[in-house]
Amino acid sequence: MWRPDFLFGAATAAYQIEGGVAEDGRHPSIWDTFSATPGKVLNGDTGVVACDHYHRWEEDLRHVEQLGLGAYRLSVSWSRVMDEAGAPNPRGLDFYKRLLDRLQERGLQSFVTLYHWDLPQCLQDRGGWLNRDTAGRFADYAALLARELRGRVSAWTTLNEPWCSAYLGHANGQHAPGLKRVRYAVEAMHHLLLGHGIATRVLRDLDKAPVGIVSNVNAVQPDSERPEDLQAARMAFACANSWVLDPVLLGRYPEALRELWPGIEPPLRDRDMDLIRTPLDYLGINYYFRATVRSDGAHGYLDRMRPGVERTQMGWEVYPEGLRDLLLGFKARYPRLPPIYITENGMASDDRVLDGRVDDAHRISYLGRHLAAVDEAMRGGVDVRGYFFWSLLDNFEWAYGYERRFGLIHVDYATQQRTLKDSALAVRDFLRRRREAAR
Ligand code: FCB
């Protein structure tokens, strides 16, 4: 079913797992500030300890290896590796060097994301992604990582899910830095994408490893066939998917956004679009659910909870066909679509350890059905090269704190004990069978 060179991996992100937030010269990121602000994160949870991965990384990498995965996707904490004046922090860099060396020794590929939402607070204090200069600072950071880590990294990712940074961080305030104006989101998105474009060129100049970006995408369904709901679905699709993919792959923002947000324009300058559409070596796709939307009576759309469908603990609808259809649709829409990796897919459930075991049959079923959807897209001609489970470990799920468990491996936060869930065992068996079949 899967080509032998199809890559299976698991993904994490720095702030969600590392802890050690004040160690070895790390300074605060916007997520330290945000999670310390009362009312922003469920139960007041923060990433201060998280999975204590900063100290337990060797054990965690052993799990990656023992599951039989071929790759590990991680992100670097910008605040750990660069000080507030922009100088390298050797102690922070050493952490990632040790980790990447270990992956290499074990024959595992590393997919390294530069930015998984944790902007240094000192840059936020100068305007963050609303300040065009942050794109330049991001390129400096990319250059530092390329110089320090080159040869150790299998693939670079500039940004993880710029939609979340821009929209959740600047329009609806659910994520750091917690701003709430659509205009801010549009400006932040432009500077994020500009930073992505410049950093892509910097990474490519300094290192040979492939460079890509990771975008989250949603399937979108209109609530009815009424023209206003069909229009709402077009708007929602443009916002969720085309807002990132069109500029990066076509060099323009979708027209629909002008209708959705009349009078709000990105702060475009002359060469910006050329930089933003710098060719990619691969595109990372994160997929979780389908949204159902209806008209808000004006230009926009409202999310509607479709009744009677299967959902996860996040309340997200389980809809594997959506992944297949999106991939086929992207192939049709984007002539320059590069090879694809599914860089995240998975689900949250209220997992508990009982007699040393975690029964997460729902996750096994979820993953199996999404893998089948990827397989169908590949049969339809989409060039998908790999798939990463979100996540290796239960971790700090942003505004939902530790309540939502996405891991293949259960983490008991009181003891930091790791327990392989049934899904991890199923993945291990599946990968073992696949290796045997390839012999
Ligand atoms: C994605 C994020 C990842 C994780 C999953 C559930 O949006 O990239 O960090 O939170 O959702």
Only one of Trp2, Trp31 is open to solvent by less than 40 Å² (accessible area, probe 1.4 Å) and over 23 Å from the mean Cα position of the chain (by Cα), namely Trp2
Leu354, sole failed condition from (1) away from the ligand (no atom under 16 Å from the Cβ); (2) in contact with a strand residue (DSSP E or B) (Cβ under 8 Å, 6 or more places away or on another chain); (3) open to solvent by 30 Å² or more (accessible area, probe 1.4 Å): (2)
In the set Gly329, Gly322, Gly263, which member is farther than 30 Å from Asn131 by Cβ, without any contact (Cβ under 8 Å) to a residue 24 or more places away in the chain and either crowded, with 18+ Cβ neighbours inside 10 Å or away from the ligand (no atom under 16 Å from the Cβ) (or both)? Gly329
Return the residues of the range 49-63 that are open to solvent by less than 80 Å² (accessible area, probe 1.4 Å) and in a helix (DSSP H, G or I); say none if nothing qualifies. His53, Tyr54, Arg56, Trp57, Glu58, Glu59, Asp60, Leu61, His63
crowded, with 17+ Cβ neighbours inside 10 Å and farther than 19 Å from Asn216 by Cβ, is that true of Leu420? yes
What number of residues within the range 68-84 are open to solvent by 10 Å² or more (accessible area, probe 1.4 Å) and out of contact with any helix residue (DSSP H, G or I) (no Cβ under 9 Å at 6 or more places or on another chain)? 0
Are there any pairs, at least 6 apart or on different chains, whose C-beta atoms fall under 7 Å, with the first in the range 401-427 and of a type in the set (Gly, Ala, Ser) and the second part of a helix (DSSP H, G or I) and within 16 Å of the ligand (Cβ to nearest atom), and if so, which? Gly401/Leu42; Ser423/Arg363; Ser423/Leu367
Flagged in the range 17-49 as hydrophobic (A, V, I, L, M, F, W, C) and out of contact with any strand residue (DSSP E or B) (no Cβ under 9 Å at 6 or more places or on another chain), in numbering order, are Ala22, Trp31, Phe34, Ala36, Val41, Leu42, Val48, Val49
Taking Leu230 as meeting all but one of (1) within 25 Å of Leu328 (Cβ to Cβ); (2) open to solvent by less than 20 Å² (accessible area, probe 1.4 Å), write down the number of the exception. (2)
When the residues of the range 376-391 are narrowed to those that are open to solvent by less than 20 Å² (accessible area, probe 1.4 Å) and more than 12 Å from the ligand (Cβ to nearest atom), which ends up nearest to Ser349 (Cα to Cα)? Tyr387
Considering only the range 15-48, how many residues are in contact with a Leu (Cβ under 7 Å, 6 or more places away or on another chain) and assigned to a helix (DSSP H, G or I)? 2
Candidates Arg439, Arg434, Arg369 - the one that is over 21 Å from the mean Cα position of the chain (by Cα), more than 16 Å from the ligand (Cβ to nearest atom), of a type outside the set (Ser, Thr, Tyr) and open to solvent by 60 Å² or more (accessible area, probe 1.4 Å): Arg439
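The values are calculated or read from the model by the stated rules, or taken from the named source; none is laboratory data. Since we're looking at a predicted model, the values are computed, not measured. So basically every Cβ, Gly included, is an ideal-geometry build from the backbone, and we count neighbours across all protein chains shown. All accessible areas refer to the heavy atoms of the entire protein, side chains included, with ligands and DNA or RNA removed. Shrake-Rupley method; radii C 1.70, N 1.55, O 1.52, S 1.80 Å.
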